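See structure below.
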Amino acid sequence: MRRREFIGLIGSAAAVWPLAARAQQSAMPVIGFLNGESPDGYTAQVTAFRQALKEAGYIDGQNMAIEYRWANGQYDRLAALADDLVRQRVSIIVANTPANLVAKAATSTIPIVFTTGGDPVKLGLVASLNRPGGNVTGVTQLAAEVAPKRLEFLHQLIPGATSFALLVNPTDPDFTEPALREMEATAHKLGLQLQVLRPATNESSMRSSRT
């Protein structure tokens with residue numbers, strides 16, 4: 001999603017949330033930035049985020065503040081980090097997956113804007129795409145849902161290849177087991193061999209989908 005669209009989403013979403021939620025805001029609005037990864041891997045995204053805020057008239061340290069919380073890949077820390085932002089009564093929480101799920105569990109009043117590669121309805125973030133409901137809204141790339149189509153494209157680009165590897169983060173709910181089964185079904189249909197790698201658990205499996 002483009003930077004301006006994301007900032008616009010934050011502004012429009014905050015405008016429709018109940019006054020009770022906005023009453024928690026301090027004199028200077030505070031954005032809680034919750035992320036499961038490390039800042040080293042998000043330098044470009046954070047720079048773009050701050051620049052887009054600046055273009056919208058929000059400058060960190062002048063008329064708003066940003067509180068960053070990074071789990072550095074240790075997803076079991078996210079709950080404590082989210083609770084810390086809630087205790088500080090930030091004005092809004094911006095989070096990726098799986099941090100957005102943890103943020104939703106931590107508060108039902110502070111507005112949450114999420115980004116996710118999965119289906120937010122299936123993940124339990126929102127009730128529906130048209131009417132998200134509650135205090136959560138955001139955008140999705142539906143990355144897991146289009147993964148089988150990507151495999152088809154790869155097969156078209158490299159028709160001579162018969163084996164493909166799929167790198168999976170087993171702690172990321174964006175890529176669920178149903179999505180993996182869809183990938184395997186597509187590989188089976190195309191007569192390909194799909195190797196699933198799960199480096200986080202030092203496990204790998206070779207599942208032949210050749211007819």
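Residues in region 78-108 that are touching a Phe, Trp or Tyr at 6+ places or on another chain (Cβ under 9 Å) and not hydrophobic (A, V, I, L, M, F, W, C): how many?
Residues in region 78-108 being touching a Phe, Trp or Tyr at 6+ places or on another chain (Cβ under 9 Å) and not hydrophobic (A, V, I, L, M, F, W, C): 5 in total.
For region 64-80, which residues satisfy the criterion of being among the aliphatic types (A, V, I, L, M) and either under 20 Å from Gln51 (Cα atoms) or over 16 Å from the mean Cα position of the chain (by Cα) (or both)?
The answer is Met64, Ala65, Ile66, Ala80.
Does region 22-47 hold any residues that are assigned to a helix (DSSP H, G or I) and exposed (fewer than 14 other Cβ atoms within 10 Å of the Cβ), and which are they?
Pro39, Asp40, Gly41, Thr43, Ala44, Thr47, listed by residue number.
In region 48-64, what count of residues is obtained for those that are among the small types (Gly, Ala, Ser) and assigned to a helix (DSSP H, G or I)?
Of the residues in region 48-64, 2 are among the small types (Gly, Ala, Ser) and assigned to a helix (DSSP H, G or I).
When region 86-98 is examined, which residues are found to be closer than 22 Å to Met28 by Cβ and under 18 Å from the mean Cα position of the chain (by Cα)?
Within region 86-98, Ile92, Ile93, Val94, Ala95 qualify.
Coordinate-derived values only; no laboratory data. Note that the structure is predicted; figures quoted are calculated from it, not measured. Because the Cβ atoms are built from the backbone with ideal geometry, glycine has one as well, and the counts that use them run over all protein chains shown.
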